[in-house]
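Down below is the structure, laid out as structure tokens.
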Amino acid sequence: MQVLKNEHILLRAPEPEDIDWLYKWENDPEVWISGTTLVPFSRYILSKYLENAHLDIFETHQMRLMIELNKRPGVPIGTIDLFDFDSYNNRAGVGILIADKTERRKGYATQSLQLLIDYCFKVLGLNQLYCNIDPQNEQSIKLFTHSGFEIVGLKKRWTRRGTEYHDEYLLQLLNPAFI
């Protein structure tokens with residue numbers, strides 16, 4: 001599908017060969033800070049996930065895509081996800097990870113996010129996308145606001161890390177076709 005590719009980036013479905021990448025990334029406590037993961041994932045659980053990754057977003061209410069550089073086929077640098085897909089209200093949450101630290105700050109997250117936005121608005125016909133970001137995560141805030149998302153709320157003491165609670169911004173991007 002051409003919408004999920006540009007000159008530098010390919011967003012593709014996860015393949016069974018991606019299990020080692022997913023295992024490494026999903027079990028990295030540094031990544032857990034940005035999500036809701038509290039326990040490691042087993043290879044078995046990830047292999048079951050990959051077995052069902054082909055299912056339609058309308059069935060699973062989520063979709064994960066591997067971010068790959070066209071110049072390095074078969075070597076993903078991260079993932080981009082749709083979650084909490086709501087087909088009635090035409091909205092979904094977005095999450096992104098550029099796991100390969102050597103590929104950060106090169107514009108790949110911005111390009112991947114734009115490809116996903118175009119897919120969501122033009123193919124899935126979504127009304128809006130949203131994301132949740134810790135106010136201290138300045139890079140993510142910059143990524144999403146640069147891509148048109150607006151901070152529309154602050155959820156106070158929303159997430160817990162250890163014994164501390166942290167605030168979380170809610171950002172939204174509305175499909176201009178529906179405005």
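Length available on full extension from E15 to Q114: 0.36 nm per residue minus the Cα-Cα distance, which gives 33.4 nm. The residues packed around H61, meaning those with a beta-carbon under 15 Å from its beta-carbon, carry a net charge of -3 if Lys and Arg are +1 and Asp and Glu are -1. Phi angles across the range 69-82 convert, under the Karplus curve 6.51 cos²θ - 1.76 cosθ + 1.60 with θ = phi - 60°, into 3J(HN,Hα) values of 7, 4, 6, 9, x, x, 10, x, 9, x, 9, 9, 10, 10 Hz, Gly and Pro given as x.
Distance between the modelled labels on D86 and I57, one decimal in nanometres: 1.6 nm (7 Å Cα→Cβ projection). Remark: the N137-R105 segment gains 10.1 nm on full extension, using 0.36 nm per residue and subtracting the alpha carbon distance.
Just so you know, all these numbers are worked out from the coordinates, no wet-lab data involved. The shown structure was predicted, so the numbers you read here are calculated from the model rather than taken from an experiment. Don't worry about glycine lacking a Cβ; one is built from the backbone with ideal geometry, like all the others, and counts go over all protein chains shown.
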